[in-house]
Amino acid sequence: MTETPSVLFVCLGNICRSPMAEGAMRVAAEAAGLDIEIDSAGTGAWHVGNPPDSRGIAVARGYGVDISGLRARQVAQGDFRRFTHIFALDAQNLADLQRLMPSDATAELGLLLDMVPGREGEAVADPYYGDDDGFEVTWSDVKSAAEALVARLQA
């Protein structure tokens with residue numbers, strides 16, 4: 001029997017992109033009947049304990065997804081053994097994860113948009129310093145990636 005998949009999404013502060021990815025993945029996995037552990041974290045600790053950005057909460061809510069109860073946390077060493085897959089939302093966070101990864105890590109690391117054909121190597125748009133429209137772009141990115149990831153995990 002194969003190990004139940006578990007996925008961690010990682011951005012810098014865990015208040016914009018990664019909680020949105022977590023929410024999109026929860027909905028996609030539930031719709032597909034996929035039993036999976038899903039979480040998100042940040043490589044930095046600035047926002048630990050805080051809820052997602054209010055603009056991200058609003059956009060997710062507009063698509064019927066409630067991420068308001070999520071709280072930011074920082075990536076921990078145990079995450080590299082707890083999760084089967086860890087997806088960074090951009091290349092810098094992937095590099096940081098590779099640097100933090102302990103020698104006994106079992107998780108596969110990658111970029112989230114590598115799951116979407118034609119988007120390999122791309123970063124999920126970071127909406128933090130922009131306007132509300134940026135959160136729509138981010139939602140589109142993470143929703144596409146979540147659907148592609150669910151399809152891959154089911155295959």
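Read-outs throughout are calculated quantities, based only on the coordinates presented, and are distinct from any laboratory measurement. These numbers come from a predicted model, not from an experiment. Cβ sites come from the backbone with ideal geometry, for glycine too, and all protein chains shown count toward neighbours.
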Would a scan of segment 71-84 turn up a residue that is among the β-branched types (Val, Ile, Thr) and over 25 Å from Glu3 (Cα atoms)? no
Among the residues that make up segment 24-35, is at least one of them within 16 Å of the chain's Cα centre (by Cα), farther than 14 Å from Val142 by Cα and not in a helix (DSSP H, G or I)? no
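Output the number of residues of segment 1-23 satisfying the condition of being part of a helix (DSSP H, G or I) and of a type in the set (D, E, K, R).
Filtering segment 1-23 down to residues part of a helix (DSSP H, G or I) leaves 17-23.
Retained after the next criterion (residues that are of a type in the set (D, E, K, R)): 17, 22.
Result for segment 1-23: 2.
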List, please: which pairs have Cβ atoms under 7 Å, are six or more places apart or on different chains, and start with a residue in segment 31-55 that is closer than 15 Å to Pro5 by Cβ and end with one that is part of a strand (DSSP E or B)? Ile36/Ser6; Ile36/Val7; Glu37/Ser6; Ile38/Val7; Asp39/Leu8
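Given the structure, is Ala32 farther than 22 Å from Leu97 by Cβ, surrounded by fewer than 22 Cβ atoms within 10 Å (Cβ to Cβ) and of a type outside the set (Ser, Thr, Tyr)?
On the way: farther than 22 Å from Leu97 by Cβ: yes; surrounded by fewer than 22 Cβ atoms within 10 Å (Cβ to Cβ): yes; of a type outside the set (Ser, Thr, Tyr): yes.
Yes; evaluated as a whole, the condition is true for this residue.
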